[in-house]
Amino acid sequence: MSEFSYMETVLSINNISKHYQSVTALNNVSLSIPKGSVFGILGPNGSGKTTLMSIILDILKSNTGNYSWFGKPNDSSQRKRIGALLETPNFYHYLSGENNLKITQAISGRGNAKDIEEVLSAVNLSERKKSKFSTYSLGMKQRLAIGAALLGNPEVLLLDEPTNGLDPVGIAEIRTLIQTLAKQGFTIIISSHLLDEIEKICTHVAILKKGVLLTSGTVNEVLRNEDIVEISAANLSELKNCIVEMGNYLSIKEEPNLLQVHFPSGSADLEAINQFCFSKGITLNLLLNKRKSLETKFFELTND
Ligand code: ADP
Ligand code: MG
């Protein structure tokens, strides 16, 4: 089981739907986000990621459903525990990074002067804090934006496509920063349209397509490098003995009505399994490669 199984839930989202006139941006989405996770919301453009983030930040109202932060009814004191980067902040190009943060702080009222030093250090900009924003690289600009989200010492960081528009160096900088912040114990909710990005940074992932949640779970569960074959027959213990005899698997997990057999990636051979079971007098009533079906989902997802 994952190390997050017994942990507190930071955010629970229950049956949220959102319509913009005729467009259904979110369709009955439910999710729960464990404390300490780096939770990726993965979906192509237009799948509803920004809408979902806006709703949980109380910037937009949903049409149906509700959400709850930290297991409590929503009020403004919860909002202080959440730092967010939803749109690129309008920093002043002719001011230093440090002065830009001072202005952000004055406007938002989050944190104090001491925080600015800590935040600059957290995003690794202390040495360049006196430099004009206009002299920053793309990655540094985005790190300053994440710094702005860190003002006021939040517990949760919500980042909407933080690597969008960055060059490869900038993307790598942001990835490193997110990994560092995750180690420090922040719960991070991050949206992206790139599977690869989520796979590298996140512990958990939820996949959205056209406002519908396709799947969610730990990255290992959803994207693991194993073939998972679901298999069933009238007599499960007989079937299990048969699979054990056949061999070449990594593990067998017993579910109420089926067995989940894990194979090294690419090595599950459904025909061979079917033939072997048949030769032992077992008729299968289920034989499904789950890894394949997820790949198909990703294909559908990224090819729209
Ligand atoms: P994502 O962030 O995943 O790209 P969005 O949440 O921005 O997706 O958008 C989800 C859907 O809602 C899209 O079809 C988009 O065109 C639509 N949408 C978003 N904002 C508005 C709006 N203010 N008015 C009308 N439609 C909108
Ligand atoms: Mg968006």
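Taking 0.36 nm per residue of sequence separation and removing the Cα-Cα distance, the T24/Y92 pair yields an extension gain of 20.8 nm.
Output the peptides 121-133, 263-275, 147-159, 50-62 sorted from most to least packed, where packing is the average of other Cβ atoms within 10 Å over each peptide's residues.
By packing density, highest mean first, the sequence is 147-159, 50-62, 121-133, 263-275.
Using Cα pairs closer than 8 Å and at least 6 residues apart in sequence, work out the relative contact order for the chain, in percent. RCO, the chain: 20 percent.
Within the accessible area of the chain, the carbon and sulfur atoms contribute 50%, probe 1.4 Å, all protein chains present. When the C-alpha to C-alpha distance is required to be over 19 Å, the pairs from K35/K72; K18/K290; K114/K141 that qualify are K18/K290; K114/K141.
Solvent-accessible surface of the range 62-203, averaged per residue with a 1.4 angstrom probe and all protein chains in place: 49 square angstrom.
Mean residue ellipticity, 222 nm, helices only, the chain: the sum of -39500 (n - 2.57) across DSSP H runs of n ≥ 4, divided by residue count and rounded to 500, is -10500 deg cm²/dmol. Simple spin-label estimate for E155 and N220 gives 2.5 nm between the two label positions (7 Å along the Cα-to-Cβ direction from each Cα).
Counting 0.36 nm for each residue step from I107 to T135 and taking away their Cα separation leaves a gain of 7.7 nm. In plain terms, the chain from D75 to N164 could stretch by 28.9 nm, reckoned as 0.36 nm per residue minus the Cα-Cα distance. Seen against the Cα atoms of the chain and their longest principal axis, helix 138-150 is set at about 90 degrees. Spacing of the modelled spin labels on E117 and E254, each 7 Å from Cα toward Cβ, amounts to 6.1 nm.
Relative protection proxy for 202-209, 68-75, from highest mean packing down: 202-209, 68-75 (other beta-carbon atoms within 10 angstrom).
The values are calculated or read from the model by the stated rules, or taken from the named source; none is laboratory data. All values derive from a computational prediction rather than experimental measurement. FYI the Cβ positions are ideal-geometry reconstructions off the backbone, even for glycines, and counts take in every protein chain you see. Side chains included, ligands, DNA and RNA excluded: accessible areas come from the protein's heavy atoms. Shrake-Rupley method; radii C 1.70, N 1.55, O 1.52, S 1.80 Å.
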